[in-house]
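Below: one structure, written as structure tokens.
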Amino acid sequence: MRNTVVKQGPFVFLKDVLVMEGVALALLFLASFVKNYELLYREWNLNQYLRYDIFILLASSLFQLVYLVILFVNWYFSYFEIGAKEIIKQSGIFFRRKKSISLSDVVAIETYQSPFDRRIRHATIIIEHRDGRVTKIRNVPNFEDQVRIIQRAVENLSEHQLAPDIQMLLKQGQRIDLEFK
């Protein structure tokens, strides 16, 4: 089985942008109580080069541009890779992180769709594990295909676990827990 890459839809990126806008607004508002922006502007001697209103416009635009690029690159390089025995979640921009999720202990695969998800034909894939853990792959386009791929991988894995290698058993021979008839 070839590995299949599942990428979260762009609405995950949009949600992150909206959350970051709120956080940035709160941080900049709180920072204005600590230090007056106009005083910083004058201390850095920027008044020789730029008007204050242009400085504020450039500073806020640069701040937004930087965090939008970071959020986009993070979204772009984050994905799930479905293999024959595991799902690997890869994320991170500079420090790549890999998290392996074994398919051998999967007990259920479900999908969840909000009303908005139904409109855009996306869903969240929820994978329940034997030990109670839950893995969610959010905002997945073509989710029906991805669910089928995961189910096939789980079924293939469980079939191989139930049917032991007969050649290996014959080589080992009879023992207390195995008798040939």
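The values are calculated or read from the model by the stated rules, or taken from the named source; none is laboratory data. Note that the structure is a prediction, hence the values are computed from the model and not measured. Positions of Cβ are backbone-derived with ideal geometry, glycine not excepted, and every protein chain shown enters the neighbour counts. SASA here: full protein model, heavy atoms, side chains in, ligands and nucleic acids out. Shrake-Rupley method; radii C 1.70, N 1.55, O 1.52, S 1.80 Å.
Here are some notes:
- Scan the range 26-51 for residues that are open to solvent by 90 Å² or more (accessible area, probe 1.4 Å) and either of a type in the set (S, T, N, Q) or at pLDDT 90 or above (or both) and the total you get is 1.
- Restricted to helices (runs of 4 or more DSSP H) entirely inside the range 24-123, those with at least 2 residues that are of a type in the set (Phe, Trp, Tyr) and closer than 28 Å to ARG138 by Cα are 52-76.
- Taking the range 117-131 as the range and being open to solvent by 60 Å² or more (accessible area, probe 1.4 Å) and small (Gly, Ala, Ser) as the test, no residue passes.
- VAL12, sole failed condition from (1) open to solvent by less than 80 Å² (accessible area, probe 1.4 Å); (2) in contact (Cβ under 8 Å) with a residue 12 or more places away in the chain; (3) more than 18 Å from ILE137 (Cβ to Cβ); (4) β-branched (Val, Ile, Thr): (3)
- Number of residues in the range 52-76 that are closer than 30 Å to LEU103 by Cβ and loosely packed, with under 14 Cβ neighbours inside 10 Å: the value is 2.
- In the range 122-142, the residues that are over 11 Å from GLN8 (Cβ atoms) reach residues that are assigned to a loop (DSSP other than H, G, I, E, B) and among the charged types (D, E, K, R) with C-beta atoms within less than 9 angstrom, at least six apart or across chains, in these pairs: ILE127/ARG133; HIS129/ASP105; ARG130/ASP105; ASP131/ASP105; ARG133/ASP105; ASN142/ARG121.
- Among the residues making up the range 34-80, those that are of a type outside the set (A, V, I, L, M, F, W, C) and under 19 Å from SER91 (Cα atoms) are TYR67, ASN74, TYR76, SER78, TYR79.
- Test: residue in the range 93-115 that is under 17 Å from TYR79 (Cα atoms), at pLDDT below 80 and surrounded by 12 or more Cβ atoms within 10 Å (Cβ to Cβ): yes
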